1. How high is the relative contact order of the chain? Use alpha-carbon pairs under 8 Å, at least six apart in sequence, and give a whole percent.
2. On a C-alpha basis, how far is the centre of the range 370-393 from the centre of the range 219-290 in Å? Whole number, if you could?
3. Which three extents, in angstrom, do the Cα atoms of the range 362-429 have along their principal axes, listed largest first?
4. Sticking to Cα atoms, compute the Rg of the range 148-350 to one decimal and its Dmax as the biggest Cα-Cα distance, whole number, in Å.
5. Tell me, what is the percent relative contact order of the range 1-140, built from C-alpha pairs under 8 Å that lie six or more residues apart?
6. By DSSP, what percent of the beta bridges with both residues in the chain are antiparallel, rounded to the nearest 5?
7. With a point put 7 Å past each Cα toward its Cβ, work out how far residue 344 is from residue 424 in nm, to one decimal.
8. Need one number: nm distance between label points at residue 97 and residue 169, each 7 Å from Cα along Cα→Cβ, rounded to one decimal.
Ligand SMILES: Cc1cc2nc3c(=O)[nH]c(=O)nc-3n(C[C@H](O)[C@H](O)[C@H](O)COP(=O)(O)OP(=O)(O)OC[C@H]3O[C@@H](n4cnc5c(N)ncnc54)[C@H](O)[C@@H]3O)c2cc1C
């Protein structure tokens, strides 16, 4: 009988792969496609289901922000109207179908708990909820929006129901009464509008934002941002890192217009600042934020007109797009403090963004805020790659169409590293036989 050596046996039974991709959202699926095309053996681990965030991590009525012809991967079209804004479940179905199309090696229901760099050999030891895996390299594709961030303004102990936009599902979920939505990016403004349409009194705290026209002169903004090179912008304008983009595909696609929402009954406020015994204070910046948003909006119309003229495009004129709604009283006489009790505000929804959490990757490759130190997804720590980060290489990086292009780059970089290793192995074989 063979003498037993538990350590050796354990080592021998450890599963090995060349490249381990963590997360099977759109980023993980795109990564798998490009790794397969590059001939890189790999495995994708997903703790839930493929595209889980689209399926269960967002509100019930969410539709894609971009039309079906744009918000997709090159290799598969959505069925149905290409100009439609498809629902979140259809987006999840799309990625499932996409993964099936090339038989992506995705293992669902497996959570990666820890990644450690091996000290005595190349590669990484990855601890998962179903055992250990050894990988030469890893790609963290765990999403740009991982940890909901709620600024510590209102104490948790109040009787106000407070949730993050990531926890919002529908109006029925909230206690009766008025609602304050803090944050007017794409999530905040859509949630606020849905609540107002359901008959709630709604307050919306509006910070700095960009708000492109939904469509102009017969073309969707995704088209305009594409031809004007704005999806490909490689970095945010200096000092504007936190400017959110307010767009929506809801109601068949409408431009976000805060002045119109105020005319329809929404009470707009400036940035939420501080809390004192039931009263919330707001910055006196509403007019400025709206004016900057308008300037961004108008600059896109101007650039679009110039592009159309220069390229002699035969597009219909669109004078309606330059019409401005009059200022409602909440804009002309800004509210700087609100007694939530008096206004019967029983719910606050914080649409205040997300942070990332890579604490499970035990390497020295992150800044003081835990953000990856990388160039276009290639970490400063050899063998580690990221995908789907905001502005990973361009504005489009965290969106459906952009992540596919970044995945291609990351796969190329992995291929290059593998070539170097192959050369090394080849060279050592030659010197051994010499
Ligand atoms: C409300 C909202 C609407 C959006 N609408 C659009 C839109 O219309 N068009 C568009 O292009 N973009 C949109 N986006 C942006 C972007 O497309 C999505 O955020 C998208 O989900 C990002 O895909 P991802 O694969 O990078 O990350 P995710 O979808 O977050 O996928 C990451 C996956 O990793 C898994 N995971 C995480 N940690 C682990 C672990 N330790 N082990 C194993 N698995 C793990 C998660 O379960 C998840 O499935 C929207 C974003 C939000 C928040």
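1. 21 percent
2. 28 Å
3. 44, 30, 14
4. 18.1, 61
5. 30 percent
6. The antiparallel proportion sits near 40 percent.
7. In this crude spin-label approximation the distance works out to 6.9 nm.
8. Calculated label separation equals 2.7 nm.
Quick note: the coordinates plus some simple rules give every number you see, no bench work behind them. Predicted, not measured: the structure shown is a model, and the values here were computed from it. Positions of Cβ are generated from backbone atoms using ideal geometry, with glycine treated the same way; all protein chains shown enter the neighbour counts.
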